[in-house]
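These notes are about the structure you will find just below.
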Amino acid sequence: MKTIKQLAAAACILTLAGQAGAAVISYPDFSSVAGLTLNGNAAQVGNVLRLTPANYGESGSAFSTSTVSLASNASFSTFFQFRFTNPGGACDGQGCGADGLVFVVQTVGNNVGGAGGGIGYAGINNSVGIEFDTWNNGAGDNNSSNHVGVDVNGSVNSIALAEVTEADMNNGDIWNAWIDYDGSTNLLEARLGRSAVRPASAILSLTRNLASDLGTTNAFVGFTSGTGAAYANHDVLSWTLEDRFAPIGGGGNSVPEPGSLLLLGTGLVLTRLMRKRAN
């Protein structure tokens, strides 16, 4: 029979194993953009990644310079913070400023798509994009200028869309976004809010085989943006990405899996028993 000390040691090892797997991309801020390729009008501005400045007809993108190998049929989890400021130009009746940004997983290369309503994503094939759209482009946007949508293969006609009702994303606040894809179930979920606490419920869910859309699980990951007759500064403030399905909590910290929590609890109980016996 194993001693309490041996069981405690085993529990600690299992706990560490359950928590293993550091983020493959981690930018607490963008004081450095090493590891990223910036395209079009994208630039490092202070500690932020500015995909487009508040100016007419811009497009920009930032992608990982090297591909990321996504595990389990293209699974991934990501958390990022963004802010849109200085909206101007044309207004669409629901607000001013455009056109938002898109988180993109694609296998083509480091490039940028169309400006304006293309949000820097239009035309990028073998891809999936989750758009945070701030301009009403008609039926393709469900006549909404403040929504989250899922785009595939370079088309900005979203295959799933959800209205953002908390506030206008062009309000200058910091927004927190969580996107998770589980390749074992083909479930894609997006969460969004101004609070850094991860919402229990997703704003948008979709079941789709993203591995088929991408064609390979080696992908460039990053962001695109575009402006047209309306514009804003489209800034990404921080970004964390896991190359597996590992939902991330507030502030970019991974949410422990239930098994890890159980093992951690077991380790703590055994440690207390050891201390009790020592006394």
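The values are calculated or read from the model by the stated rules, or taken from the named source; none is laboratory data. Computed from a prediction, not measured in an experiment: that's the story for all the values here. Here the Cβ positions follow ideal geometry from the backbone for every residue, glycine too, while neighbour counts run over all protein chains shown.
List of remarks:
- Of all residues making up the range 161-201, the number that are over 13 Å from the mean Cα position of the chain (by Cα) and either more than 19 Å from G95 (Cβ to Cβ) or of a type in the set (S, T, Y) (or both): 13
- Residue tally, condition within 21 Å of F82 (Cβ to Cβ), free of Cβ contacts under 8 Å to residues at least 24 places away in the same chain, part of a strand (DSSP E or B) and not basic (K, R), over the range 172-204: 1
- Every pair of residues 6+ apart whose Cβ atoms lie under 6 Å, when the first sits in the range 37-57 and is part of a loop (DSSP other than H, G, I, E, B) while the second is acidic (D, E): N41/E58; N47/D29
- Within the range 141-161, the residues that satisfy the criterion of being outside any loop (DSSP other than H, G, I, E, B), touching a helix residue (DSSP H, G or I) at 6+ places or on another chain (Cβ under 8 Å) and not β-branched (V, I, T) are H147, G149, L161.
- Selected residue (only one of P247, P258 is modelled with pLDDT under 95 and either more than 20 Å from L101 (Cα to Cα) or among the β-branched types (V, I, T) (or both)): P258
- Of all residues in the range 103-116, one or more are at pLDDT 95 or above, surrounded by fewer than 22 Cβ atoms within 10 Å (Cβ to Cβ) and of a type in the set (S, T, Y).
- Among the residues making up the range 122-140, those that are part of a loop (DSSP other than H, G, I, E, B) and on the phi > 0 side of the Ramachandran plot are G123, N126.
- Selection status of F79, closer than 19 Å to S32 by Cα and touching a Gly at 6+ places or on another chain (Cβ under 8 Å): yes
- Residue identified as among the hydroxyl-bearing types (S, T, Y) and either within 17 Å of L204 (Cα to Cα) or modelled with pLDDT of 95 or more (or both) among S72, S158: S158
- Filtering the range 180-209 to residues that are hydrophobic (A, V, I, L, M, F, W, C), over 16 Å from A167 (Cβ atoms) and touching a Leu at 6+ places or on another chain (Cβ under 7 Å) leaves L188, A190, L206.
- As for the range 106-121, it holds at least one residue that is at negative phi and part of a strand (DSSP E or B).
- Output for the range 37-53, where each listed residue is in contact with a Ser or Thr (Cβ under 7 Å, 6 or more places away or on another chain) and crowded, with 17+ Cβ neighbours inside 10 Å: T37, N39, G40, N41, A42, L51, T52
- The range 205-223, residues that are assigned to a helix (DSSP H, G or I) and touching a residue at least 24 places away in the same chain (Cβ under 8 Å): L210, A211, D213, L214
- Filtering the range 172-204 to residues that are among the small types (G, A, S) and crowded, with 17+ Cβ neighbours inside 10 Å leaves A177, G183, A190, G193, A202.
- For the range 223-236, the criterion of being in contact with a His (Cβ under 7 Å, 6 or more places away or on another chain) and either modelled with pLDDT of 95 or more or under 24 Å from L101 (Cα atoms) (or both) is satisfied by at least one residue.
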